[in-house]
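Student: Before anything else, here's the structure in question.
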Amino acid sequence: MGTEILRMENITKIYSNGFAANKNVTFSVNSGEIHALVGENGAGKTTLMKILFGRENFQEGRILLKGQEVHIKNSLDAIGMGIGMVHQHFMQMPSLTVAENVILGIEPTDKSGVIFDKKKARDMTVEASEKYQLYVDPDAKIKDLSVGMRQKVEILKELIRGIEILILDEPTAVLTPQETKELFDQLRFLRDQGYAIIFISHKLQEVMELCDQVTVLRRGRVMGTSHISQLDQTTLARMVVGRDVVLKMDRGEQNPKEKVAEIKDLIYQNQEGQPVVNHISFSIRAGEILGIAGVEGNGQSEIADILSGMKTFKHGEVVINGKSIKGLNVRQIRDLGVSAISEDRLKYACAENLSIRDNIMSIYLNHKDFNKGALLDMKKVNEYVEQCIKDYEIKCDSPDDPVRLLSGGNIQKVVVAREFTCGSNLIIANQPTRGIDVGTSEMIRKTLIRKARQDDVATLLISSDLNEVLEVSDRLLVIYKGKFVAHFLKPSEVSEETLGEYMLGNLQMSEQEMGDYV
C-alpha cells in the first residue's frame, strides 16, 4: 500500500432544505489501495463522491491531492486532476464502436487538425486495452456487448484520460459471478500498478473479498475506518445499519395454492422485430415466490412490464386471477389485484417532484376507503401515509417532502410501501433491492416472504442480485436470449457460480430436466 493520495478533510454539505448530507466527514485513500465506502441509503456516500468528482459543492472542509489543497469546480476539473468515476448507469453511445466511445471528448485528428482520425482512435484503444489488461474489441458496437464488456469500456475511458483515482459506483450490480470475478482480477491488477480505487457497494461479501480498507458512513457521519482483515461480514453489517442484520433468510414452509398468473406461449418483439421474449410459458401460484434470473437484457424486464401493463403483446396469453389482460391498461390490470415495483424507480415508479404523500396515494385516488364524497378524506390519507413512513422507515422530515430530495434507497421505500400495502395478491418485483443498503434489503426480502407465507400472495421476483434470488425464491427460472434455460425447484441449494453458467448460456437444461414449471 502506497502513500496517501487523497484526503477529504472535515467535509460538510448542507442542502437548501436544511438536510445535512455530510457532517464533518474525513475520508482518505492511499495509492495502491482498494478502499470501500459503504453505508445505508441516505448515509452520504453518493454526495461525498459527487463532491470529489466536482458535481456538488460543499460549505466546509477541504480536499487535498498529494498533500496539496485543490478546488474542484466540475467533472472536467476532476478528470484533469486525475479523478475518474464509473457510474452505475454507463455513459455510452450504443450506436458507436468501442474505440469511438473510449476516445469521446479527446478525439484524435489527422494532420489538418479537423478530420477525425479513426485509425489513431482504434490504435489508442488497443494500446490502452493491452496496457491495463482490459481486453475489448475496438471495432465492436457498444449495443452488441455484454454488460461486463461495457463496464470494461467504461473503466478504459477513465484510464486513457490519465486518472490515478478511480471511483466505482455499484460496479457489480448487474454482473454474473464470472464477470464479477474477472472485474475483481482487473481491479487488483490496477491496484498493484499503484492506482487508488474507491469501491462503493451494498454487497458486503464483495467488500470483504476485494477491498483493503473500508470506511462506513451513517447519517452523514463517519462511523469508522477499518482494515478488512479486522472485520467479518456480520460486524461490518452491524456498523452499516447500527443493529444486527439477518444475512441469511428463513423462508419457512412453502404451501403453494391455486394459480394466480398463467402465461402461455408469450412472444414480445422489439422495435426491430426481433423476439426479446420467445415462446415462454410459466405460472405463479398463491403463496409462492417465483424467481427469474438472467443477465440484463435477456427478456426478464419485458416479462415484468407485460404483466404490469407497461408493455403490450400480440402473441400468447396472460391470465391473472382468471382474466386475460390482453388489451387492458395499467389501471385495469391493477384492479385485477396486481402491484408492481419497477426496475427504474425514478422513471416509472414515482413522480419525483411530488410529495411523499402524493406518491404513496397516487394509486388510491378513486379508492372508496380514502374518499369522502367527491373529496379525499385527508384524515385517513394522513394516517395511512404516516403509518407507511413508520413501518417502512422512510427517512424524511415530512410527508410533504418532494420525493426527489430523498436518497435512492428512501425513494425505493416509498415505492415498496405503496405496492406492498395495496392489498394485491400478485406482486411483480423487478429489482426490488437494487442499490439498496443491507438493512433495507433485509426488510424488503422479509416482507416478500411474509406476504407469501401469511397472506398467500403470489410474487414474481426478478433480481440481478443472485444471492437474493437464490435465498428468497421458492422456484427459480433462468432466462437466456428470451427463453428459459433452467428451472430449479430448490434454489437455495444452487451455487452462484452454477447459476452464472446458465445465465451466460454456457449450460442449458433439457426439457426433461426442466420439468413442469407451468
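The values are calculated or read from the model by the stated rules, or taken from the named source; none is laboratory data. These numbers come from a predicted model, not from an experiment. Here the Cβ positions follow ideal geometry from the backbone for every residue, glycine too, while neighbour counts run over all protein chains shown.
Student: State which residue pairs qualify: first residue touching a residue at least 24 places away in the same chain (Cβ under 8 Å) and inside the range 387-399, second residue polar (S, T, N, Q) and part of a loop (DSSP other than H, G, I, E, B) in any location, beta carbons under 9 Å apart, and separation of 6 or more residues or different chains.
Tutor: Between residues of the range 387-399 that are touching a residue at least 24 places away in the same chain (Cβ under 8 Å) and residues that are polar (S, T, N, Q) and part of a loop (DSSP other than H, G, I, E, B), the close pairs are 388/421; 391/421; 392/421; 395/41; 395/407; 397/17.
Student: Here's something else I'd like to know. Exactly one condition in (1) of a type in the set (A, V, I, L, M, F, W, C); (2) at pLDDT below 95; (3) within 24 Å of residue 172 (Cβ to Cβ) is false for residue 76; which is it?
Tutor: (3)
Student: The conditions are (1) more than 27 Å from the chain's Cα centre (by Cα); (2) within 23 Å of residue 187 (Cα to Cα); (3) modelled with pLDDT under 90, and residue 107 fails exactly one of them. Which is it?
Tutor: That leaves (2) as the condition not met.
Student: Can you tell which of 327, 252, 287, 273 is part of a loop (DSSP other than H, G, I, E, B), surrounded by 20 or more Cβ atoms within 10 Å (Cβ to Cβ) and more than 25 Å from the chain's Cα centre (by Cα)?
Tutor: Answer to the check: 287.
Student: Residues 178, 193: which one is in contact with a Gly (Cβ under 9 Å, 6 or more places away or on another chain), within 23 Å of residue 79 (Cβ to Cβ) and of a type in the set (S, T, N, Q)?
Tutor: Result: 193 is the single residue among 178, 193 that is in contact with a Gly (Cβ under 9 Å, 6 or more places away or on another chain), within 23 Å of residue 79 (Cβ to Cβ) and of a type in the set (S, T, N, Q).
Student: Follow-up. When you check residue 374 against the structure, is it under 19 Å from the mean Cα position of the chain (by Cα) and either outside the structural domain of residue 41 (by TED's automatic domain parsing) or not aromatic (Phe, Trp, Tyr) (or both), yes or no?
Tutor: no
Student: Restricting attention to the range 73-116, which residues are of a type outside the set (Asp, Glu) and without any contact (Cβ under 8 Å) to a residue 12 or more places away in the chain?
Tutor: Scanning the range 73-116 gives 80, 89, 105, 109, 111, 112, 113, 114, 115, 116.
Student: Filter the range 35-59 for residues that are modelled with pLDDT of 95 or more and β-branched (Val, Ile, Thr) and give the result.
Tutor: 51
Student: Sticking with this structure for a sec: In the range 255-270, what residues are of a type outside the set (S, T, N, Q), part of a loop (DSSP other than H, G, I, E, B) and without any contact (Cβ under 8 Å) to a residue 60 or more places away in the chain?
Tutor: 258, the sole residue that qualifies.
Student: Just give me the residues in the range 209-249 being exposed (fewer than 15 other Cβ atoms within 10 Å of the Cβ), charged (D, E, K, R) and closer than 21 Å to residue 196 by Cβ, in sequence order.
Tutor: 209
Student: Taking residue 22 as meeting all but one of (1) of a type in the set (S, T, N, Q); (2) without any contact (Cβ under 8 Å) to a residue 60 or more places away in the chain; (3) over 29 Å from residue 148 (Cα atoms), write down the number of the exception.
Tutor: The failed condition is (2).
Student: From the list 447, 498, which residue is at pLDDT below 95, outside the structural domain of residue 301 (by TED's automatic domain parsing) and on the phi < 0 side of the Ramachandran plot?
Tutor: Answer to the selection: 447.
Student: Which residues, taken from the range 349-359, are surrounded by 15 or more Cβ atoms within 10 Å (Cβ to Cβ) and either out of contact with any Pro (no Cβ under 8 Å at 6 or more places or on another chain) or more than 18 Å from residue 419 (Cα to Cα) (or both)?
Tutor: Within the range 349-359, 349, 350, 358, 359 qualify.
Student: Quick check on the range 194-208. Is at least one of its residues charged (D, E, K, R), more than 19 Å from residue 148 (Cα to Cα) and assigned by TED's automatic domain parsing to the domain that holds residue 155?
Tutor: No: the range 194-208 contains no residue that is charged (D, E, K, R), more than 19 Å from residue 148 (Cα to Cα) and assigned by TED's automatic domain parsing to the domain that holds residue 155.
Student: Now, a different point. What residue, of 395, 372, is surrounded by 15 or more Cβ atoms within 10 Å (Cβ to Cβ), of a type in the set (Lys, Arg) and touching a Lys or Arg at 6+ places or on another chain (Cβ under 9 Å)?
Tutor: After applying the criteria, what remains is 395.
Student: Say we look at the range 136-156 and pick out the residues that are touching a residue at least 60 places away in the same chain (Cβ under 8 Å) and crowded, with 18+ Cβ neighbours inside 10 Å; which of these is nearest to the chain's Cα centre (by Cα)?
Tutor: Residue satisfying both the conditions and the ranking: 151.
Student: Still on this model: Within the range 503-518, can you find the residues that are within 24 Å of the chain's Cα centre (by Cα) and free of Cβ contacts under 8 Å to residues at least 60 places away in the same chain?
Tutor: 505
Student: Identify, from the list 401, 397, 455, the residue that is at pLDDT below 90 and over 23 Å from the mean Cα position of the chain (by Cα).
Tutor: Of 401, 397, 455, the one residue that is at pLDDT below 90 and over 23 Å from the mean Cα position of the chain (by Cα) is 397.
Student: List every residue pair whose Cβ atoms lie under 7 Å apart, where the two residues are 6 or more positions apart in sequence or sit on different chains, the first residue falls within the range 317-331 and is in contact (Cβ under 8 Å) with a residue 40 or more places away in the chain and acidic (Asp, Glu), and the second residue, located anywhere, is surrounded by 14 or more Cβ atoms within 10 Å (Cβ to Cβ) and part of a strand (DSSP E or B).
Tutor: 317/264
Student: Would you say residue 357 is part of a helix (DSSP H, G or I) and assigned by TED's automatic domain parsing to the domain that holds residue 262?
Tutor: For residue 357, the condition - part of a helix (DSSP H, G or I) and assigned by TED's automatic domain parsing to the domain that holds residue 262 - is not met.
Student: Listed residues 462, 436, 428; which is crowded, with 21+ Cβ neighbours inside 10 Å, modelled with pLDDT under 90 and under 21 Å from the mean Cα position of the chain (by Cα)?
Tutor: So the residue among 462, 436, 428 that is crowded, with 21+ Cβ neighbours inside 10 Å, modelled with pLDDT under 90 and under 21 Å from the mean Cα position of the chain (by Cα) is 436.
Student: Here's something else I'd like to know. Answer yes if at least one residue in the range 297-314 is among the charged types (D, E, K, R), assigned to a strand (DSSP E or B) and crowded, with 17+ Cβ neighbours inside 10 Å, and no otherwise.
Tutor: no
Student: A further question on this structure: Collect the residues in the range 467-495 that are in a loop (DSSP other than H, G, I, E, B) and either outside the structural domain of residue 288 (by TED's automatic domain parsing) or basic (Lys, Arg) (or both), keeping them in residue-number order.
Tutor: Residues satisfying the conditions are 481, 490.
Student: Turning to a different aspect of this structure: Would you call residue 180 surrounded by 20 or more Cβ atoms within 10 Å (Cβ to Cβ), at pLDDT below 90 and touching a helix residue (DSSP H, G or I) at 6+ places or on another chain (Cβ under 6 Å)?
Tutor: no
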